[in-house]
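Asks: My structure is below; once you've seen it, I'll send some questions.
The values are calculated or read from the model by the stated rules, or taken from the named source; none is laboratory data. Keep in mind that this is a model prediction, so the values were computed, not measured. Cβ placement follows ideal geometry from the backbone for every residue including glycine, while neighbour counts extend to all protein chains displayed. What goes into the accessible areas is simple: the full protein's heavy atoms, side chains included, and nothing from ligands, DNA or RNA. Shrake-Rupley method; radii C 1.70, N 1.55, O 1.52, S 1.80 Å.
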Amino acid sequence: MATLTVLAGAVDAVSFLTMGQVFTALATGNLLFLAFAVAGEGQVPVARPAFALLAFVLGAVAGALVTGRIVARRRHWFAAALAIEAALLALAGATALWRHGSGSLADHPDTFVIAIVGFAMGLRADTALRAAVPGMPTMLIQVSLVRLLHDLVSATPKSATPRTSRIRLVITVGGMFVGGVLGALMTPWGTGRALLAIAGVALILATLYVVLPRWRMLAPELVD
């Protein structure tokens, strides 16, 4: 879950910096961009956030349907969901390379690539929700950050967060920041190569989860 949080930060960094100032994981950002556009302020594009948000919603719906069936059949649903996400990101990266070469899409935004990545992140949102690891939503930090701050400043011993949960909160906040930094550092690679690199990490993570049973023992929330 920590690695997935880092990947989410990297995806949004690559999306915003190389795909025309659009978020693909942070749905809140796209919703606000649409609100600014409706208000006629900020010179914010309408099409890209709209496509990204719609794709995110469709991805979340598809995740709820497909992953739910996998879970019902008692298969490795977590690894399967990560593998599908990796395949979608790889498709987006390959499409970006095929259509635009190894450069950035900032000057020539590609709504199809944006939609694929948004769909993959919607699927990820369902995966994180279904995994239900406390304090590790993988794609947003607001609640985790507030919980961590509340725990640190609270003077009531009974309200103290268990050590394991506190570590998860710290990892979530720090992981998103690290992912953003890594994503920004990958922007010179171009959109396609950056997305392929992120897809590769997601696929490796899915493979390791299957071949290393000890991971599932350490994370009972994800037991198939």
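Asks: In region 32-87, which residues are under 15 Å from residue 114 (Cα atoms) and open to solvent by 70 Å² or more (accessible area, probe 1.4 Å)?
Replies: Answer for region 32-87, where residues must be under 15 Å from residue 114 (Cα atoms) and open to solvent by 70 Å² or more (accessible area, probe 1.4 Å): 46, 51, 54, 57, 58.
Asks: What number of residues in region 99-135 are within 29 Å of residue 68 (Cβ to Cβ) and without any contact (Cβ under 8 Å) to a residue 12 or more places away in the chain?
Replies: Number satisfying all stated conditions: 1.
Asks: Take the conditions open to solvent by 40 Å² or more (accessible area, probe 1.4 Å) and of a type outside the set (A, V, I, L, M) and apply them to residue 18. Does it pass?
Replies: Details: open to solvent by 40 Å² or more (accessible area, probe 1.4 Å): no; of a type outside the set (A, V, I, L, M): yes.
The answer is no for residue 18.
Asks: I would also like to ask the following. Could we say that residue 52 is at pLDDT 90 or above and of a type outside the set (Phe, Trp, Tyr) here? Before you say what the answer is, go through the steps one by one.
Replies: Working: at pLDDT 90 or above: yes; of a type outside the set (Phe, Trp, Tyr): yes.
It is true that residue 52 is at pLDDT 90 or above and of a type outside the set (Phe, Trp, Tyr).
Asks: If residue 144 satisfies all but one of (1) free of Cβ contacts under 8 Å to residues at least 40 places away in the same chain; (2) open to solvent by less than 40 Å² (accessible area, probe 1.4 Å); (3) over 16 Å from residue 26 (Cα atoms), what's the number of the condition it fails?
Replies: Failed condition: (3).
Asks: Do we have residue 113 as within 14 Å of residue 12 (Cα to Cα), open to solvent by 50 Å² or more (accessible area, probe 1.4 Å) and at pLDDT 90 or above here? It would help to see each step written out before you state the result.
Replies: Values: within 14 Å of residue 12 (Cα to Cα): yes; open to solvent by 50 Å² or more (accessible area, probe 1.4 Å): no; at pLDDT 90 or above: yes.
So residue 113 fails the test.
Asks: With respect to residue 179, is the statement that it is open to solvent by less than 40 Å² (accessible area, probe 1.4 Å), under 24 Å from residue 76 (Cα atoms) and modelled with pLDDT of 85 or more true?
Replies: So residue 179 does not fit the description; no.
Asks: If you don't mind, another one. Has region 163-171 got at least one residue that is modelled with pLDDT of 80 or more and under 19 Å from residue 198 (Cβ atoms)?
Replies: Within region 163-171 (the criterion being modelled with pLDDT of 80 or more and under 19 Å from residue 198 (Cβ atoms)), the answer is yes, since at least one residue qualifies.
Asks: Does any residue of region 42-52 turn out to be in contact (Cβ under 8 Å) with a residue 40 or more places away in the chain and within 16 Å of the chain's Cα centre (by Cα)?
Replies: Yes, region 42-52 has at least one match.
Asks: Every residue in region 129-141 that is over 9 Å from the mean Cα position of the chain (by Cα) and open to solvent by less than 20 Å² (accessible area, probe 1.4 Å), please.
Replies: Of everything in region 129-141, those that are over 9 Å from the mean Cα position of the chain (by Cα) and open to solvent by less than 20 Å² (accessible area, probe 1.4 Å) turn out to be 131, 133, 135, 136.
Asks: Filter region 189-199 down to residues that are open to solvent by less than 30 Å² (accessible area, probe 1.4 Å) and part of a helix (DSSP H, G or I), then give me how many there are. Steps first, please.
Replies: Initial filter on region 189-199 (open to solvent by less than 30 Å² (accessible area, probe 1.4 Å)): 190-192, 194-195, 198-199.
Add one more test, that the residue is part of a helix (DSSP H, G or I), and what stays is 191-192, 194-195, 198-199.
The total comes to 6.
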